[in-house]
Structures are given as C-alpha cells and as structure tokens.
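Data block below; observations after.
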Amino acid sequence: MRQSQLFTKTRREAPADETAKNAQLLIRAGFVHKEMAGVYSFLPLGLRVLKKIEDIVREEMDAVGGQEIRMATLHPSEPWKQTGAWENVDVLFKIQSRTEKEYALGQSEEEIVTPIAQEYAPSYKDLPVAIYQIGQKYRDELRAKSGIMRGREFGMKDMYSFHTSQEDFEKFYERAKEAYLRVYSRCGLVAKVTEASGGSFSEKLSYEFMVITDAGEDDILYCEACTHCANVEVAKEKEGDSCPKCGKGTLKKAKASEVGNVFDLGQKYARDFGFSYKDAEGKDQLPIMGCYGIGITRLMGVIAETLSDEKGLSWPEAIAPYDVHLLVLTTDDAASVAFADSLYEDLSKKGKKVLYDDRSVRAGEKFADADLIGIPARVIVGKDSVAKGEVELVHRATGQMEKVTKETLLAW
Ligand code: ATP
Ligand code: MG
C-alpha cells in the first residue's frame, strides 16, 4: 500500500474527551475513528490488525473442533424472555419497533445458539458439538472510558459447546483453555488464568484470562513463583500472603484486563429451552453446556496499551497491519524513488505486506508517523542507498538498527 493513497492520516492530538491511552494512540495513528464513548469504527490499518487477531482466534477454535457460524445480532425478544435475561441482564439493549414489537441486540448469544443446536442434535450421536462465531456484541455499559477495551459495541469471539456428560465437557473445557493461552501468546501477550465463580450464569467454576496492565479494570492477586492467579473480588488471600497453590511464592496485586473467559453453564439453557436429546437407551437427557468468550477488540486495546511506548504503537509481527514500513526520505531525488519503488515491488512479490511511505513530506514527519503506526520492521531508503546498494533496517520494538544490502533484505 502506498501511503500517499491511504485515505487516513495521522494526527498529533487525540480528541480531548478520549482519556484511554489505547484509543488515543489508535485514533492518532488512524486505526480507529471514535463515534461516541464506547463506539469506534475500524479504519484500514485497524481493520487489518483486527482481522489478524480474528484469524489467530479462528485457527485455534477450529483446531479444537469448533465450527464457525454467524448468528444474527438483532434478536426476537422471546428467547431472552424465556431465559429470564430480558429482565435480569442490565446491559441488554432492548429495541422498540414502530410496530410495538420488541427486539434485543446480542450481548452474548446463548439465547440464539441453544435453539440452533437443539434443532440439529436430537440424538446423543449428534453430540458433542462446539459452535462459535466472531462478530459484534452490544452492551449498555455504564462506564465506557477504557477506549476499545470496553465498548458499547465491540468484537467478541463466542463459542458454545454441548456435551452428553460432565466428563466429556471437562475434557473439552481443558482443551479450550489451552487454545486460549495459545491465542494470547500468539498475539504477543502473557495471560494469567484465574479461577472465579460463575457469576450470573451459574454457581459453577469459570476461568478468566487476565493480562496485567494499569488500564485494566480488574484487580488480581498472582503468585510470583507459580501460575496461581485469582481475582481480588473472590480471593480469600491478600497481597503479601504466601501462595495457596505452591506455598513458596508470595502474592502480588496488580491491575489486569480480562481478555477472555470460559464458563461451565451446566444445564441451565437446555432446561430453559427444553433441549433434550435421546441417549443410547432412547431416554431424554439434557446436554451439558459450556461457553467461551474472547474480547477481540479488547485484546487489540490491551496490545495497544501494553506494547506501546511514548512514540506510539508497536505491533508484534503476528498481528501487525503490515510487515514492513518502507520509507523513502527524499522524494525529489529520482534515483532514490526508483530504488524504493523497486524494493516495494520486490518485497511485495516475496509475499511481504508493505506500507510504502512515498509521500512528499519531511523525513522527520515520516519517522514520527512510522513510530506512531508501529509496524515492526522499518526499511529506510536514504540518498546514499542508491550508491551503496544499502538500506537501513530498524526494528520498532527494540530500536535496533542495521545496514543491510538489498539482496540481504530480499532474502529475509
Ligand atoms: P467484564 O467483566 O470486563 O465486563 P464480562 O464478564 O462481562 O467482562 P463476558 O460477558 O464473559 O465478559 O464476555 C466475554 C469477553 O468479552 C470478556 O472476557 C471480555 O474480554 C470481552 N468483553 C466483555 N465486555 C466487553 C466490552 N464492553 N467491551 C469490550 N470487550 C468486552
Ligand atoms: Mg461485563
């Protein structure tokens, strides 16, 4: 992509009402556009990151046997009334039609997925099944001050699984937890797993996936020596206590953001919808259900928060909008431009995704924009590049710089 053609521009200042660092950086770099508190549009650079995160999540969900679907987000009110959520879920957006019919906007989709699974799983032979989607969710959140980390409209991956036994469910639950940890590490994050009670869904055990960041809205206690981690809200211990799991480490307190969670839903929704299947003896049984959420846009927000510096964003390779940011410093020098043009073509042919800053602006502006946008590798074509056949390769995350020949660069 030639940057001169990119319709978005960087900006020096974020909107005055935007207090979250993730959104300030993403707006300034032209990744997102703010519509109102908690609602953002994704622009070309932002959408590329989002799609890469979605692809990682999709690969990992497919790998545990998840089948992707796309559920409606505009819902009839009936299933929400059937489960009690119409009355009990305070964040549910309810819409009144001019026909006086009422609708709900999807905030989670147990109400839609359970009847779908029910239709296609009349027998134990049809189970287990895991169904997921990646899409928009709507919640009437009171606080929406965390940028894209807490939206009123936001991206989520939600998976739901149905099983004939608790044992089968628990096996899948473990596999899903492992898949979650792979998602976060592929996105360049370290997530800690907390045990929590099921909250509004059930009294059963659930797990939250937490990433330490001051921008997070949760407080966690974690062990410095082992993987133990708990939400302060539920923990019996306090900071400084010795770890209840390993007994060796001491517990530290930190702010964290919940980037995903998994719930054992038991038979609640099967009961609400009268979803029974025939077992091997022909008897009616209720399936055991699990649900598994990942906050896709929150994840992107957490990455923007934690992997950035005073100059701007710094994307890990796996989710960067482009692999290489190619900068030509002197656009009035025809030889430099020809050199950079050929590099752009050759890198692209090699399969590298390149953002090519071919704009006629000062070198300082190009450097500042490249720092702000945060593409992991920067290739700089200066005046002496042509004579020496060399470019500068700068790594955004470390600032490390090396001179490489065009050939070395293309072989990389
Ligand atoms: P939180 O406690 O942060 O409100 P939650 O318990 O309501 O989260 P779930 O309903 O289980 O979360 O949603 C699954 C995942 O979706 C969460 O783990 C989180 O990563 C993400 N998420 C939840 N609410 C929002 C939101 N308003 N904006 C962005 N992401 C969200
Ligand atoms: Mg919530």
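For the reader, a short list of remarks on this structure follows.
- Phi-derived couplings, Karplus 6.51 cos²θ - 1.76 cosθ + 1.60 at θ = phi - 60°, listed residue by residue for the stretch 310-315: 5, 8, x, 6, 8, 7 Hz, with x used for Gly and Pro.
- In this label model, residue 402 and residue 384 are separated by 1.9 nm, measuring between points 7 Å along each Cα→Cβ vector.
- Remark on the chain: 187, 229, 291 stand apart, with no other cysteine beta carbon under 4.7 Å.
- Percent antiparallel among DSSP beta bridges (both partners in the chain, rounded to 5): 85
- Geometric descriptor of the stretch 324-411, per residue, is 83 Å³ (volume of the convex hull of the Cα atoms).
- Listed values for the stretch 334-346 are Karplus-derived 3J(HN,Hα) couplings in whole Hz (6.51 cos²θ - 1.76 cosθ + 1.60, θ = phi - 60°), namely 4, 5, 4, 5, 4, 4, 5, 4, 5, 5, 4, 5, 5, and x replaces Gly and Pro.
- For the pair residue 171 and residue 330 in one chain, pulling the backbone fully straight at 0.36 nm per residue adds 51.3 nm over the alpha carbon distance.
- Debye log10 I(q)/I(0) at q = 0.07 Å⁻¹ for the chain, Cα point scatterers: -0.41
Just so you know, all these numbers are worked out from the coordinates, no wet-lab data involved. Since the model is a prediction, treat every value here as computed from it, not as a measurement. A quick note on method: Cβ atoms are made from the backbone with ideal geometry, for glycine too, and the neighbour counts reach across all protein chains shown.
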